Amino acid sequence: MARETKMDKQKMVVVEGSYAVANAVRVCKPNVISAYPITPQTHIVEELSKFMADGEIPNCEYINVESEFSALSALVGSSAVGARSYSATTSQGLELMHEVLFNVAGMRLPIVMTVANRAVSAPINIWNDHQDSISQRDTGWIQLYAENIQEVSDMTAQAFKISEDRDVMMPCMTCMDGFILSHVYEPLVLLEQEITDEFLPPFRPERILDSKNPLTFGAFADPNIYTEFRYQQERAMQNALKKIEDTANEFYDMYGRHFGGLIDEYRTEDADIIIMAMGSIIGTIKDVIDRLRERNVKVGLLKVRAFRPFPAEAIMNVIRDVKVVVVLDKNISLGMNAGALFIETKSVLYNTDIDVPVIGYMMGQGGRDVPMSTIEKIISDAEEVMRSGIKIESQFTDLKEELV
Amino acid sequence: MKEIRIHGRGGQGSVTAAELLAVAAFADGKFSQAFPAFGVERRGAPVQAFTRISDAPIRLRSQIYKPDYVIVQDPTLLESVDVASGLKDDGTLIINSDFDPETFKLDTKAKIMTVNATKIALDIIGMPIVNTVLLGAFAGATGEIRPESIMGAVRERFPGKVGERNAQAIMKAYEMMEGQK
């Protein structure tokens, strides 16, 4: 449940989302950064390069590479020797990393990477949706989604802390909507150095690559032992569930800001209808909910902050007694005619005593704007489901039929 | 909440103007949000940038469809772009032009104002860069923001002589528009 966040306006500044993230990375004192510029992530790595050139990130190496594949591969080495390692990417860059993403998770390297979420080709499209990171959901990376630039800035420090926890040791993607958050100017409190030094202790992994004490990472595993590696990775992800929640609370105690742990809730207390969504669309939904609440529509929001590990229990607790659940996805699992959040939500409800209708909408693909009117229309659909049941389980919104 | 749309051509600093407006509004004690119409950053092409200003924190992330104010940096845009699109009836449209407002026959009930920002920019800044000048005009025409806050934001972004000259031009445009209200 949301904890009250009081923002001190005196401490806030108006900066671009990308700057806020780059600054947060600087404050977290990384030892190695490697990234390849790609729209709309570019401003993040430009700002980091400036910090490097100005000597503002001491004890850090910025490794220039020729591709995203190389960027993440370089970090496999650096993280394995015990260096706090960071990258940022999006879309095709993230897809190019696909193979390495598994390696990072398999070797239990707590790399943190910002994903400035963007659609994937073809057709080429540089605008926002969640297809890039959602398509990497099985790689073993923790995935957190932010609603505004304050949250993604704060999430950067949280991500290192979660990933580097000895019971977790899994990498983390902090996901921010490309352009919508990466290029927006809005007020925030920049991540504070002094508090962060206390919140995030230096990275001291139990095992590192060390020529004096040789070890092998990611070596051959035959059928006798491979399953056990996979089991331990899954166990680490389950451990991360608690760690994500604890870290958000600890962050709140020290910084006074909280945007949810695994999930967040908004006006859910007496809600008949719950909307589930991730990312920057959360803000727009909150405005719609306030408007509809004035008309006595009992609607609330369940913000999914952690998509991996999937917060099944936290979600079930919120939707147990509601009348309709509406899931919004900025992605599609082709051949399933549904978005990933919708599919996962439905799957965790099966074999339980919860019997609530769930409908899904695929929206905002390739940067198509989601105005308040689209959300209002969806909520009126949900009211219809309350009255007369599900007619269409999962569908595209704002589809231009005349172009099809 | 007040919503502002800035029309310009790629290279004219529309996005910078929107950002400076957000910085200035926050300095005035408001909350603000600025964002570009993404992905059209070609020199000379019509571009748009947006700013929201509000007393409360801004959560809305959709594009702006019904602006309270529109700023047009280049009057030749009127030939190809519907700059008055969605503009509220009680809104204001500010055009960089040496013509009288009545010259512009636009499909809007909103108030149309003109300011020769190019001349002010050439006279004071020495270059035909009008984005900051128009922010001064915006402050004078609407009263939504203090000119000092805009000058402060511009000085911070462009330290030294450049910022000073811009600040002078902002004040000049502000005074001209204030007088017309």
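The values are calculated or read from the model by the stated rules, or taken from the named source; none is laboratory data. All figures in this text were calculated on a predicted structure; none of them were measured in a lab. Note that each Cβ is placed from the backbone with ideal geometry, even for glycine, and that neighbours are counted across all protein chains shown.
A count restricted to segment A:152-195 and to residues that are β-branched (Val, Ile, Thr) and over 23 Å from A:THR42 (Cα atoms) stands at 3. Counting only helices (runs of 4 or more DSSP H) that sit completely within segment A:86-178, those holding 1 or more residues that are among the hydrophobic types (A, V, I, L, M, F, W, C), within 22 Å of A:SER34 (Cβ to Cβ) and in contact with a Pro (Cβ under 8 Å, 6 or more places away or on another chain) correspond to A:98-106, A:149-164.
The rows are residues; the columns are (1) in a loop (DSSP other than H, G, I, E, B); (2) in contact with a strand residue (DSSP E or B) (Cβ under 7 Å, 6 or more places away or on another chain); (3) of a type in the set (Lys, Arg).
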| position | (1), (2), (3) |
| --- | --- |
| A:LYS6 | yes, no, yes |
| A:ALA20 | no, yes, no |
| A:PHE51 | no, no, no |
| A:ILE57 | yes, no, no |
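For every residue, the table says whether it meets (1) surrounded by fewer than 18 Cβ atoms within 10 Å (Cβ to Cβ); (2) touching a helix residue (DSSP H, G or I) at 6+ places or on another chain (Cβ under 9 Å).
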| residue | (1), (2) |
| --- | --- |
| B:LEU93 | no, yes |
| B:SER97 | no, yes |
| B:ASP100 | yes, no |
| B:THR103 | yes, no |
| B:LYS111 | yes, yes |
| B:THR114 | no, yes |
| B:MET127 | yes, yes |
| B:LEU134 | no, yes |
| B:ILE145 | no, yes |
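This table checks each residue for (1) farther than 16 Å from A:ILE263 by Cβ; (2) out of contact with any Gly (no Cβ under 9 Å at 6 or more places or on another chain).
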residue	(1), (2)
A:ILE285	no, yes
A:LYS303	no, no
A:VAL324	yes, yes
A:VAL327	no, no
A:VAL348	no, yes
A:GLY360	yes, no
A:GLY366	yes, yes
A:PRO371	yes, yes
A:ILE392	yes, yes
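Scanning segment A:157-164 turns up no residue that is within 14 Å of another protein chain (Cβ to nearest Cβ) and touching a helix residue (DSSP H, G or I) at 6+ places or on another chain (Cβ under 7 Å). For segment B:3-61, the set of residues classified as modelled with pLDDT of 95 or more and acidic (Asp, Glu) consists of B:GLU3, B:GLU19, B:ASP28, B:ASP55, listed by residue number. In segment A:139-157, the condition of being free of Cβ contacts under 8 Å to residues at least 24 places away in the same chain, on the phi < 0 side of the Ramachandran plot and surrounded by fewer than 24 Cβ atoms within 10 Å (Cβ to Cβ) is met by no residue.
Screening B:GLY86 against (1) touching a residue at least 24 places away in the same chain (Cβ under 8 Å); (2) in contact with a Phe, Trp or Tyr (Cβ under 8 Å, 6 or more places away or on another chain); (3) part of a loop (DSSP other than H, G, I, E, B) leaves a single unmet condition, (1).
Restricting attention to segment B:27-69 and to residues that are of a type in the set (Ser, Thr, Tyr) and more than 10 Å from chain A (Cβ to nearest Cβ), the residue that is farthest from B:LEU87 (Cα to Cα) turns out to be B:SER54. Annotation note: of A:ARG320, A:ARG308, the sole residue that is modelled with pLDDT of 95 or more, surrounded by fewer than 14 Cβ atoms within 10 Å (Cβ to Cβ) and within 16 Å of A:MET276 (Cβ to Cβ) is A:ARG320.
No other residue among B:GLN63, B:GLN33, B:GLN48, B:GLN12 is more than 18 Å from B:VAL115 (Cβ to Cβ) and in a loop (DSSP other than H, G, I, E, B) apart from B:GLN63.
Looking at the structure I just gave you, is A:LEU181 part of a loop (DSSP other than H, G, I, E, B), within 18 Å of the chain's Cα centre (by Cα) and not aromatic (Phe, Trp, Tyr)? Talk me through it step by step, then tell me what you get.
Numbers: part of a loop (DSSP other than H, G, I, E, B): yes; within 18 Å of the chain's Cα centre (by Cα): yes; not aromatic (Phe, Trp, Tyr): yes.
Yes, satisfied.
Identify, please: which residue in segment A:57-69 is surrounded by fewer than 21 Cβ atoms within 10 Å (Cβ to Cβ) and among the acidic types (Asp, Glu) and is, among those, farthest from the other protein chains (Cβ to nearest Cβ)? Residue satisfying both the conditions and the ranking: A:GLU61.
In the set (1) of a type in the set (S, T, N, Q); (2) over 30 Å from A:PHE160 (Cβ atoms); (3) in contact (Cβ under 8 Å) with a residue 12 or more places away in the chain, A:ASN296 fails one condition alone, (3).
Got at least one residue in segment B:105-117 being within 12 Å of the chain's Cα centre (by Cα), part of a helix (DSSP H, G or I) and more than 10 Å from chain A (Cβ to nearest Cβ)? Checked against the condition, which is being within 12 Å of the chain's Cα centre (by Cα), part of a helix (DSSP H, G or I) and more than 10 Å from chain A (Cβ to nearest Cβ), segment B:105-117 yields at least one hit.
Conditions tested, residue by residue: (1) within 14 Å of chain B (Cβ to nearest Cβ); (2) surrounded by 20 or more Cβ atoms within 10 Å (Cβ to Cβ).
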residue	(1), (2)
A:THR5	yes, no
A:VAL13	yes, no
A:ALA22	no, yes
A:ILE33	no, yes
A:GLY55	no, no
A:GLY77	no, no
A:VAL104	no, yes
A:PRO110	no, yes
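Looking at segment A:118-141, can you tell me whether even one residue there is within 14 Å of chain B (Cβ to nearest Cβ) and basic (Lys, Arg)? Yes, segment A:118-141 contains a residue that is within 14 Å of chain B (Cβ to nearest Cβ) and basic (Lys, Arg). Remark: pairs (first residue in segment A:115-138, touching a residue at least 60 places away in the same chain (Cβ under 8 Å); second residue in a loop (DSSP other than H, G, I, E, B) and of a type in the set (Lys, Arg); Cβ separation under 7 Å; 6+ apart in sequence or on different chains) = A:ILE126/A:ARG118; A:TRP127/A:ARG118; A:ASN128/A:ARG118; A:ASP129/A:LYS330; A:HIS130/A:LYS330. Selection of segment A:161-175 for residues being surrounded by 24 or more Cβ atoms within 10 Å (Cβ to Cβ) and more than 22 Å from A:TYR252 (Cα to Cα) yields A:MET170, A:PRO171. If a residue has to be in contact with a Phe, Trp or Tyr (Cβ under 7 Å, 6 or more places away or on another chain) and either surrounded by fewer than 20 Cβ atoms within 10 Å (Cβ to Cβ) or more than 14 Å from every other protein chain (Cβ to nearest Cβ) (or both) to count, how many in segment A:35-47 make the cut? Final tally of qualifying residues: 1.
Output the residue which, of all residues in segment B:101-155 that are at pLDDT 95 or above and among the acidic types (Asp, Glu), is farthest from B:LEU87 (Cα to Cα). Within segment B:101-155, the match that is farthest from B:LEU87 (Cα to Cα) is B:ASP123.
Is segment A:325-348 home to any residue that is of a type outside the set (S, T, N, Q) and touching a Pro at 6+ places or on another chain (Cβ under 8 Å)? For segment A:325-348, residues of a type outside the set (S, T, N, Q) and touching a Pro at 6+ places or on another chain (Cβ under 8 Å): present.
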